[in-house]
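Here's the structure, in structure tokens; my notes come after.
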């Protein structure tokens, strides 16, 4: 009896130890810090950024923007804020109506805002509204270092580079030498204000061989703006306002006005050396601290010293990393696990500083302009939903609330085209204006995103208050979705199209109908809208239900789902439809089985796409999309292989950015996609009874704080 009691206690003790070991929280600081970024050379693709979601400042190997032209073809050295927009004067009085083209589609005449080469289309008007408004590069702040002979040091003179981004604190420490003399720069970004701080340490300061320049570029009116256009000096103005221990520079571009306020810790002089360039030269000591704040309104006394910005950064980043979800792959021996963990950690950092604002971000965030700085709402899902999956729904909620401010313009688009409710914009700006686009204007898959994000928010806050806050926009979104399909007398079903471009953008709008992904997403979203009505004690909407019950089935041939019903031979060798996004897999990636989806057919579809797709002609979020589909099908090896497919557009640079090509050197939807996919691979979906469905059984993956996908 005594032996049995001892055995029982020993067994209980062992069980308790196992339980404690399993329940121990992840050492989040260790996970984050083992992926600190270390840069040892000037590389235009290795620039680093500090920021807070509303403002970002990107630096070269010196820790400042000393050589913006050397990085112009890589990851540009941007200074951007969510409020920083500008328009060139509309001297020709162009009207957006000049960009309209009316399409005759399924008995409807529908005007779309597009780019076409037709006699009645004003090409200049179209181009004006694509370019304007555009996001501004607010300015460059960098080091000017003079060599012994008096000449200014170039990028080639920066030697012995040792730069590190401490992800846990958001601080960048950059060390290097010029002619053998060491320079150290610490760079930090404030987490609530549009401000950045620098501490510069070097014997060169005492020798008056280090100055800091503040330079203001002019918008270049091009697809990509990295803030290096120093021409057009006569088209903007700068005014220096001296203050004690600092200065403010007023910058005027047409009707856009903003201020750069500077504060320093030691006696310095500021001089204007060019039309839009100022030089700050510290007069004594071996250490110089400088802070810069960017504002739309003049601040009479900018008093934000470096140490306060640094303390703010340390506190706020620690709070961020200790909130929400975390994943630890350290107990997995497969070397692929470390790379996934690296992408996960860096993607959290990059999306926090580029995407966590009250506005949908552009695809290159606050780093540099792509598509003139304009956000694309079909990408909003990839930018924002992961915040909710990772237990930080408040970061998604901020940009979700932007839809309230642009709803009236979405309503006018729907009304102009003869539809009900709200038709959400595609290529837009902070004000919700629609930019001309021959592809974007005809996309529809951004439409259900609002319902998806509202539902994610409800899952985190399942209250009547949440329902009542978003119900009007959600119901109006569903109203458009119910009015968009057209009835087919032959099949007795409602079609999506003709007259749309799917998420896979290589289709002709006037010929395309019933894309698989959009059909599934349409059905799921309308059913979810009905569920919201039920939660609020309302009866089902009859029109929505008619579409739900009679929507065209997902098209398939030979047991494989088609990209669209209008392209039955889309998988034939040489088909032009084997490029761009493999969106057919999206019907079972972010959403559960909907509109009659058969998982056996989807598995065969995944196998087919895997074999025949031209993966070299894809985008960064296509790989997480594929991984999510594989995970839902409980194919963990394929999910990992998809996530790490060795394709150029699935490259993640040393700084964590998803590289696409020379034109688009960073692509934040890829980073968001990694976070979406890995969370699903850990938690499983609602229908799953197990976890870690997306990882091989030999992997030991620890995670906490993640939320399930539908």
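Taking the square roots of five times each eigenvalue of the Cα gyration tensor of the stretch 298-356, the equivalent ellipsoid has semi-axes of 34, 12, 10 Å, listed largest first.
Go through (i) 32.1; (ii) 37.2; (iii) 29.0 and flag the label whose value is the computed mean projected area of the Cα convex hull in nm² for this structure. The value computed from this structure is option (ii).
Here the stretch 197-233 is scanned for amide nitrogen atoms under 20 Å from the site 7 Å beyond the Cα of residue 179 along Cα-to-Cβ, giving 201-213. Placing dummy labels 7 Å off each Cα toward the beta-carbon, the span from residue 244 to residue 164 is 3.9 nm. Report the label-to-label distance for residue 222 and residue 697 in nanometres (one decimal), using points 7 Å from each Cα along the Cα→Cβ vector. Distance between label points: 5.5 nm.
For an R0 of 51 angstrom, estimate the FRET efficiency from the Cβ-Cβ distance between residue 612 and residue 287 and round to the nearest 0.05. Display every interim value, and only then the final one.
Values: r = 61 Å, r/R0 = 1.20.
For residue 612 and residue 287, the calculated efficiency is 0.25.
Between the helical axis of 306-322 and the longest alpha-carbon principal axis of the chain there is an angle of about 20 degrees. Once the Cα-Cα distance is subtracted from the 0.36 nm per residue extended length, the residue 331 to residue 550 segment shows a gain of 73.9 nm. Can you give the angle from 0 to 90° between the axis of helix 380-389 and the longest principal axis of the chain, with both taken from C-alpha atoms, to the nearest 10? With rounding to tens, the tilt is 90 degrees. Sorted on the mean count of surrounding Cβ atoms within 10 Å across their residues, most packed first, peptides 337-349, 240-252 read 337-349, 240-252.
What the Cβ-Cβ distance of residue 358 and residue 572 gives, at R0 = 51 Å and to the nearest 0.05, is a FRET efficiency of 0.65.
With a Förster radius of 30 Å, plug the Cβ-Cβ distance of residue 710 and residue 102 into 1/(1 + (r/R0)^6) and report the FRET value to the nearest 0.05.
Numbers: r = 38 Å, r/R0 = 1.26.
Efficiency at R0 = 30 Å is approximately 0.20.
Can you give the calculated 222 nm mean residue ellipticity of the chain, where each DSSP H run of n ≥ 4 adds -39,500 (n - 2.57) and the sum is split over every residue, rounded to the nearest 500 deg cm²/dmol?
Working: 17 runs with 221 residues, N = 710.
Computed mean residue ellipticity for the chain: -10000 deg cm²/dmol.
Return one number: the angle in degrees, 0 to 90 and rounded to the nearest 10, between the long axis of the Cα atoms of helix 402-416 and the longest principal axis of the Cα atoms of the chain. Helix 402-416 sits roughly 50 degrees off the main axis of the chain.
Order of 85, 445 from fewest to most other C-beta atoms within 10 Å?
Values: 85 17, 445 22.
By the 10 Å Cβ count, ascending: 85, 445.
Descending by average beta-carbon neighbour count within 10 Å, the peptides 558-566, 692-700, 194-202 line up as 194-202, 558-566, 692-700, the highest first.
The Cα center of the stretch 163-236 and the Cα center of the stretch 417-478 differ in position by 39 Å. Modelled this way, with points 7 Å down the Cα-to-C-beta line, the labels at residue 460 and residue 508 are 4.4 nm from one another. If a spin label sat at a point 7 angstrom from the Cα of residue 152 along the line to its beta carbon, the backbone N atoms of the stretch 69-92 nearer than 12 Å would be those of 69.
A straight chain from residue 33 to residue 687 at 0.36 nm per residue would run longer than the Cα-Cα distance by 232.0 nm.
Where a number appears in this text, it was derived from the coordinates with a stated rule and is not lab data. This is a predicted model, so every value here is computed, not measured. As a convention, Cβ positions derive from the backbone with ideal geometry for all residues, glycine included, and neighbour counts pool all protein chains shown.
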